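J.: Take a look at this one; I'll ask things after.
Read-outs throughout are calculated quantities, based only on the coordinates presented, and are distinct from any laboratory measurement. If you're wondering where the values come from, they're calculated on a predicted model, not measured in any experiment. Quick reminder, even Gly has a Cβ in these numbers, built from the backbone with ideal geometry, and neighbours come from all protein chains shown.
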Amino acid sequence: MDDRVELFVRTAVTVGVILDPPGNVPIFLALTRDFDTAHRRRAAWQATGLATVLILGFALFGDVVLRVLGISLSALQVAGGLLLSLVALQLLGPWKTDDDTPATHNVALVPLGTPLLAGPGAIAATMVAVRGAGDVPGVAVAVAGLVAALAGTLVCLRFAASFAKYLSDNALHVLSQIMGLLTAAIAVELVADGVRGLAAA
């Protein structure tokens, strides 16, 4: 296999596995349980778009940004885990604002776009792929692999938005509770991995 083809496939598969589109679909449905179909589709585009910008940005300039700010990837993992813990509470809620109306922040951006899609794992994997690409054409191939993985994620979320209209409110509520528990477990793992990385540094 040609080196460039191998780089493309390796990057696409690695980032695709970390993004875990099938695993994020239930969380996407739970967080958008009050959305209509059109709003869900827009949320799928927004989440994937933000993830693309963030991961590409870190892939190309992440080393410089982290070095300037003095931040390690382990610290980024801890921060992502803490943010995900808030997401878990939201899923287990539902939580209301003081005036008893639903919170109005855009869940497509946070937590879907980041840290669920553009999380420390995806960012680190892409940074490693770009570092190992060598020349400019190699970097372009690695970026193409990343875009392919994100395109697959968009397809999964987009079709989930269409499928969700067949689920009852009770089914979405149960799904929200289950995914809240699992998201809390993911948050704990992220924090634990980050703490281990900081301790080993």
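J.: Mind checking the log10 I(q)/I(0) for the stretch 135-179 at q = 0.15, 0.17, 0.20, 0.28 Å⁻¹? Debye, one equal scatterer per Cα, no solvent, two decimals.
T.: -0.57, -0.63, -0.72, -0.94
J.: How tilted is helix 136-163 with respect to the longest principal axis of the chain? Cα atoms for both, answer in degrees (0 to 90, nearest 10).
T.: 10
J.: Under the Karplus relation 6.51 cos²θ - 1.76 cosθ + 1.60, θ = phi - 60°, what is the ordered set of whole-Hz ³J(HN,Hα) values for the stretch 30-41, x standing for Gly and Pro?
T.: Running phi through 6.51 cos²θ - 1.76 cosθ + 1.60 with θ = phi - 60° gives 5, 5, 10, 4, 9, 8, 7, 4, 5, 5, 4, 4 Hz.
J.: Return one number: the angle in degrees, 0 to 90 and rounded to the nearest 10, between the long axis of the Cα atoms of helix 3-19 and the longest principal axis of the Cα atoms of the chain.
T.: Compared with the principal axis, the helix lies near 30 degrees.
J.: Then there is this: With θ set to phi - 60° and the Karplus curve 6.51 cos²θ - 1.76 cosθ + 1.60, what are the ³J(HN,Hα) couplings of the stretch 124-133 in order, to the nearest whole Hz, using x for Gly and Pro?
T.: In residue order, the calculated couplings are 5, 4, 5, 4, 5, 4, 5, 4, x, 6 Hz.
J.: Add -39500 (n - 2.57) for each DSSP H run of 4 or more in the chain, then divide by its residues: what number comes out at 222 nm, to the nearest 500 deg cm²/dmol?
T.: -27000 deg cm²/dmol
J.: Dimensions of the chain along principal axes (Cα, Å, largest first)?
T.: Between the extreme Cα coordinates on each principal axis of the chain lie 53, 38, 24 Å.
J.: Pick from G16, G145, G57 the residue whose mean-square fluctuation is largest in a GNM of the chain, springs joining Cα atoms under 10 Å.
T.: Checking each option, the largest mean-square fluctuation is seen for G57.
J.: Hey, in the GNM for the chain with a 10 angstrom Cα cutoff, which one of V139, V25, V174 fluctuates hardest?
T.: V174
J.: Just add up the charged neighbours of V128: K/R +1, D/E -1, any other residue whose Cβ is under 12 Å from the Cβ of V128.
T.: Result for the neighbourhood of V128: +1.
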